[in-house]
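Below you'll find the structure, written out as C-alpha cells, and then a few comments.
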Amino acid sequence: MNFIPIIFSIFASASTFLGGIFTIKFKNKLREIMAFSAGVLLGAVAFKIFPEIIKEVSAGNIESIWVMAALVCGFLLFHILEKTILIHHAHEDDYKDHKHPHVGIFSSLALAGHSFIDGIGIGLGFQISPAVGILIAIAVMSHSFIDGMNSMVLMLVNKNSNKKSKIFLLIHSSAPILGFISTIFFTLTSQLLTLYLGFFAGFLLYIGASDILPEAHSENSSYKLIGLTTLGVILIFAITRFI
C-alpha cells in the first residue's frame, strides 16, 4: 500500500486545523498568507495540471473542447454554490447586525464538504501520477489553510463559543482524510481523469483568482502582497521544474 498519498491527506487536514488556530494567533497577517496562497494555486494550475491535460489531449485520449468545458463547469459550479448556498467568506461587518450561531455552524459544515472534495482531489491526483498528486496536494494544503481560517472566523463571528468552534474545526479538519479514503474504493479511466483535471483546474482558478486574491487586496493593495503572490507562483514553477 502506498502511504505517500495518505501522508499528504493528513498534511491537508493538518493545514486546515492550523489555519483555524492561525486565525486566533495571527489575525494581523491573514492578508499576506492569502496573497501567497493565491500564487500557489495559480502556479499549480499553470505548471502542472495544464501540462498534464495537454499531454493527454495530444495523446488523443480526449478532445480538448470537453476538457475546457469541464474547466468552465468547475469554475461556475463553485461560483454558483458560493453565491447562492455556501458562505465561503464572511467579514465581521457583514454580520454586525445579524449574528446567529447556526449560521456559523452551517457555514463550517459547508466548508467541511468542500474539504472532503479536496481529499478526493488528492486521491484522484495520485491515480494519475505521484507528481500530479503531490502538486494537487500542495494546492489543497494552500487553500485548506485559508478554509481553516474561514471556518473559525465564521464560527466565532456568529457568537459560537471557542469550545464549539474548535469542535467544528476538528470536524472540518478530518474531511480531507475522509475524502482521500473514499478514493481507495474506486478508480477512473484516463479520459475521466483528464476531465476531472479540467474540472479541478477551474475550481482552483476560481478559489485563487476570484476568492482568495481579491480578499487579500480587499483593504489595501501593496507591492508586498503582489510580491507574495508572485513568490507563490515561482515556488510552484521551481518545484515542477527541479524537484
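Loop exposure criterion: GluC sites (Glu not before Pro), DSSP state outside H, G, I, E and B, at most 14 other Cβ atoms within 10 Å. Applied to the chain, the longest stretch between such sites is 64-218. Surface analysis of the stretch 31-88 yields an accessible area of 51 Å² per residue, using protein heavy atoms and a 1.4 Å probe. Exposed loop sites are taken as chymotrypsin sites (Phe, Trp or Tyr not before Pro) in a DSSP loop (any state but H, G, I, E or B) with at most 13 other beta carbon atoms within 10 Å; the longest stretch of the chain without one runs 27-185.
Labels on offer are (1) 56, 43, 33; (2) 46, 43, 34; (3) 49, 41, 33, and the one holding Cα extents along the principal axes in Å computed from this structure is (1). Placing +1 on each Lys and Arg Cβ and -1 on each Asp and Glu Cβ, with no other charges, gives the stretch 3-61 a dipole about its Cα centre of roughly 320 debye.
Across the alpha-carbon set of the stretch 182-238, the Rg to Rh ratio works out to 1.17, Rh being the Kirkwood radius. Please give the calculated 222 nm ellipticity per residue for the chain, where each DSSP H segment of at least 4 residues contributes -39500 (n - 2.57) and the sum is spread over every residue; nearest 500 deg cm²/dmol? Per the formula, -25500 deg cm²/dmol.
Per residue, the average separation of C-alpha pairs within less than 8 Å and at least 6 apart gives the stretch 109-227 a relative contact order of 36 percent. Give the angle, between 0 and 90 degrees and rounded to the nearest 10, that separates the Cα long axis of helix 64-84 from the longest principal axis of the Cα atoms of the chain. Result, in degrees: 10.
Nearest 10 degrees is fine. How inclined is helix 30-44 to the longest principal axis of the chain, computing both from alpha carbons? On a 0 to 90 degree scale, this one is about 10. Sequence-distant contacts, meaning Cα pairs under 8 Å at least 6 residues apart, place the relative contact order of the chain at 44 percent.
Positive-end ranking of 13, 132, 67 along the dipole of the chain, with charges on Cβ about the Cα centre, is headed by 13. Between the Cα long axis of helix 101-128 and the first principal axis of the chain there is an angle of about 20°, rounded to the nearest 10.
Measure up 159/224; 48/163; 48/224; 29/83; 48/164 against 30 Å on the Cα-Cα distance and list the ones that go over. Those over the limit are 159/224; 48/163; 48/164.
Given +1 at the Cβ of Lys and Arg, -1 at the Cβ of Asp and Glu and no other charges, the dipole of the stretch 138-243 around its Cα centre is 320 debye to the nearest 20. This model, with +1 at the C-beta of Lys and Arg and -1 at the C-beta of Asp and Glu, gives the chain a dipole about its Cα centre of some 660 debye.
The values are calculated or read from the model by the stated rules, or taken from the named source; none is laboratory data. All values derive from a computational prediction rather than experimental measurement. Positions of Cβ are backbone-derived with ideal geometry, glycine not excepted, and every protein chain shown enters the neighbour counts. With ligands, DNA and RNA removed, areas are computed over all heavy atoms of the protein, side chains included. Shrake-Rupley method; radii C 1.70, N 1.55, O 1.52, S 1.80 Å.
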